[in-house]
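Notes follow the structure.
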Amino acid sequence: MFPITVGILLGLAIGAFGYSCFRWFKIISSGQPDPRFNDYKQRLKNVLVIAFGQTKILRRDFKAGLMHAIIFWGFLVIALRTILLFGMGFDQSFGQWFIPSLPGHLYTLLLNLFEFLVLLAAFYGLYRRLVVKPKRLTLSAEGIKILNMIALLMISDFIFDGSRLVFENMAAAQWAPVSSIFANIFKFISLSEGRLRVLGAGAYLTHIS
């Protein structure tokens, strides 16, 4: 689709990630040694229950905790979608063996539902920061920026997916209930093929950026 553009974006992302890891490694390595492989059963349980289950944050403040947990769980689901999208940037047929299959359809359904939930969670986070303003929450431009970026990621993927449904396979819309809403809007307002392709390409590049 956009092999050069996607290659540049991927290279920049890997470089930024590597630099961030290097900075954190310097900070962590300055600390005292810690036996990381003692009591591995308890450590594994903590990873599953506390990290993936998000139990601590849910107990502390259920509403805010659920918001953070949904965003965390959502990005775990979206991880495969990110791989597929980057692959499609180099070869448009990338992942076509998986997407039309039953597991692919079920994943598309799960992805749509979680992206919608993550979008709601981001809006709720903005509502808390800008309207509710709890005392223990520090209002920061960075927090608002991150929540807006999360919302933009979800919306751009719905737009991209909706444009693909119009062009490629409206029959698959039953597996993408939210994306199909966007597809039906595009059809209702009678966007020309050229404009819809530009909109879809813009949403794709916005999402992977």
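Here, each number is a calculation from the coordinates, and none is a lab measurement. Model, not experiment: these values are computed from the prediction. No Cβ is skipped: glycine too gets one built from the backbone with ideal geometry, and neighbour counts run over all protein chains shown.
Brief remarks follow.
- Residues of segment 74-98 satisfying the condition of being in contact with a helix residue (DSSP H, G or I) (Cβ under 7 Å, 6 or more places away or on another chain) and farther than 18 Å from S156 by Cβ: F90, F94, G95, F98
- Test: residue in segment 126-136 that is surrounded by fewer than 20 Cβ atoms within 10 Å (Cβ to Cβ), among the hydroxyl-bearing types (S, T, Y) and not in a helix (DSSP H, G or I): no
- Segment 155-200 - residue that is among the acidic types (D, E) and crowded, with 19+ Cβ neighbours inside 10 Å and, of those, nearest to F72 (Cα to Cα): D157
- Check on L80, under 19 Å from the mean Cα position of the chain (by Cα) and under 15 Å from M67 (Cα atoms): no
- Helices (runs of 4 or more DSSP H) enclosed by segment 1-101 - at least 1 residues per element that are in contact with a Lys or Arg (Cβ under 9 Å, 6 or more places away or on another chain) and over 30 Å from R197 (Cβ atoms): 40-46, 62-90
- Just one of the listed residues (L152, L106) is surrounded by fewer than 16 Cβ atoms within 10 Å (Cβ to Cβ) and assigned to a helix (DSSP H, G or I), namely L106.
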